[in-house]
């Protein structure tokens with residue numbers, strides 16, 4: 001697979017400066033963007049390697065969670081276009097599936113430019129196609145065997161499901177939470193996360209909770225103790241950051257719990273965006 005080699009080259013040599021500038025999310029400082037972009041392509045390469053090994057019969061992981069071979073439509077939110085394109089549209093195109101993209105109508109030209117950059121960068125045989133028509137018209141054309149991936153709010157996924165017979169999955173997390181066993185550390189790291197906050201983003205900081213008992217089923221904040229499942233149902237996070245010495249992501253009632261250090265740096269992003277409500281598995285579906 002030639003595209004796997006191209007991904008590997010991007011990870012090893014870095015993304016060309018002009019490409020990084022063209023893809024940059026304006027909400028992220030330029031000095032941080034190259035790291036963000038390198039991380040996203042490294043995650044994509046990791047996914048690609050798992051698929052190659054699985055296809056060769058050398059690994060059980062990496063098998064498609066959606067085995068369809070039909071067209072895919074990825075509906076994007078107002079922010080974070082480049083990252084969402086890489087995570088929720090590019091993998092389908094790399095697999096050779098016709099992949100359409102739609103977003104807010106006033107952002108169509110911006111989406112088209114970003115899709116063209118990614119298509120050229122990876123020399124996609126199946127280019128990412130950005131719809132000029134309103135998203136609801138693109139959704140209405142999807143057939144039962146096809147797939148719609150929605151990144152946004154729960155009500156957006158519900159609206160799409162009511163308008164199509166295609167399979168619909170969604171990534172609808174509203175924030176990130178921080179948990180740990182030491183209130184002092186939680187407060188310090190929470191301050192850092194608050195400074196990095198992106199209002200309106202799925203990475204918006206939703207606050208910190210102290211793990212009240214060893215098994216983690218109760219959390220405490222401001223003197224009040226609540227069941228963990230109740231907090232998760234109320235906040236519906238994109239991920240939970242765990243402030244301890246763990247190194248691997250874990251499952252938390254269907255959400256992904258990611259290790260985080262005192263600098264608010266994550267040990268991994270594997271599983272970020274996992275959505276137990278609308279079945280997005282985190283990372284990559286295909």
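The numbers here are math on the coordinates, done by the rules we state, and not lab data. Computed from a predicted model, the values in this text were never measured in an experiment. When we count neighbours, we look across all protein chains shown, and the Cβ atoms used for this are built from the backbone with ideal geometry, even at glycine.
In the calculated pair distance distribution of the stretch 138-286, what percentage of Cα-Cα distances lie above 24 Å?
Every Cα pair in the stretch 138-286 considered, those over 24 Å come to 35 percent.
Going by alpha carbons, how many degrees (0 to 90, nearest 10) lie between the helix axis of 154-163 and the longest principal axis of the chain?
30 degrees
If I model a spin label as a point 7 Å beyond the Cα along the Cα-Cβ vector, how far apart are those points for residue 69 and residue 2 in nm?
Rounded to a tenth, the inter-label distance reads 2.2 nm.
Relative contact order, percent, of the stretch 221-273 when contacts are C-alpha pairs under 8 Å separated by at least 6 residues?
29 percent
So what's the angle, to the nearest 10 degrees on a 0 to 90 scale, between helix 183-195 and the longest Cα principal axis of the chain?
Relative to the chain, helix 183-195 is tipped by roughly 30 degrees.
If you take the beta carbon distance between residue 277 and residue 230 as r and set R0 to 22 Å, what does 1/(1 + (r/R0)^6) give as a FRET efficiency, to the nearest 0.05? Intermediate values should be presented prior to the final figure.
Details: r = 15 Å, r/R0 = 0.68.
Approximately 0.90, to the nearest 0.05.
To the nearest 10 degrees, how steeply does helix 2-13 sit against the main Cα axis of the chain, on a 0 to 90 scale?
Its long axis makes an angle of about 50 degrees.
Quote the FRET efficiency, to the nearest 0.05, computed for residue 188 versus residue 112 with a Förster distance R0 of 45 Å and r equal to the Cβ-Cβ distance. It would help to have the intermediate numbers written out before the result.
On the way: r = 43 Å, r/R0 = 0.95.
Once the sixth-power term is evaluated, E becomes 0.55.
Grab every C-alpha pair in the stretch 154-210, bin the distances at 10 angstrom width from 0 up to the longest one, and report whole percents.
Going from the shortest bin to the longest, the percentages are 23, 33, 22, 16, 6, 0.
State the three equivalent ellipsoid semi-axes of the chain, derived from the C-alpha gyration tensor as the square roots of 5 times its eigenvalues, in descending order and whole Å.
31, 22, 19
Where in the stretch 75-113 does the label zone of residue 141 land, with the point 7 angstrom along Cα→C-beta and an amide N cut-off under 18 Å?
Correct set: 75-76, 93, 97-109, 111-113.
Can you give the convex hull volume of the alpha carbon atoms of the stretch 2-171 per residue, in Å³? Can you show the working numbers first?
Working: hull volume 19.6 nm³, N = 170.
It is 116 Å³ per residue.
Report, in whole Å, the centroid distance computed from the Cα atoms of the stretch 91-136 and the stretch 195-246.
Their Cα centres are 35 Å away from one another.
Take the stretch 80-182, drop everything but the C-alpha atoms, weight them equally and run the Debye formula without solvent; then report log10 I(q)/I(0) at 0.15, 0.16, 0.17 Å⁻¹ to two decimals.
Calculated log10 I(q)/I(0) at the listed q: -0.64, -0.72, -0.81.
Can you give the extra length, in nm with one decimal, that the chain gains between residue 244 and residue 162 once fully stretched, where that is 0.36 nm per residue apart less the Cα-Cα distance?
25.3 nm
Just need the Rg to Rh number for the stretch 176-260, please, alpha carbons only, Kirkwood Rh.
On the Cα set of the stretch 176-260, Rg over Rh gives 0.92.
Build a GNM of the chain with springs between Cα atoms under 10 Å: which of 194, 223, 207 gets the top mean-square fluctuation?
Result for the chain, Cα springs under 10 Å: 223 fluctuates most.
Nearest-5 percent of antiparallel DSSP beta bridges in the stretch 176-260? Don't jump to the answer; show the numbers that get you there.
Numbers: 9 of 22 bridges.
Percentage antiparallel, nearest 5: 40.
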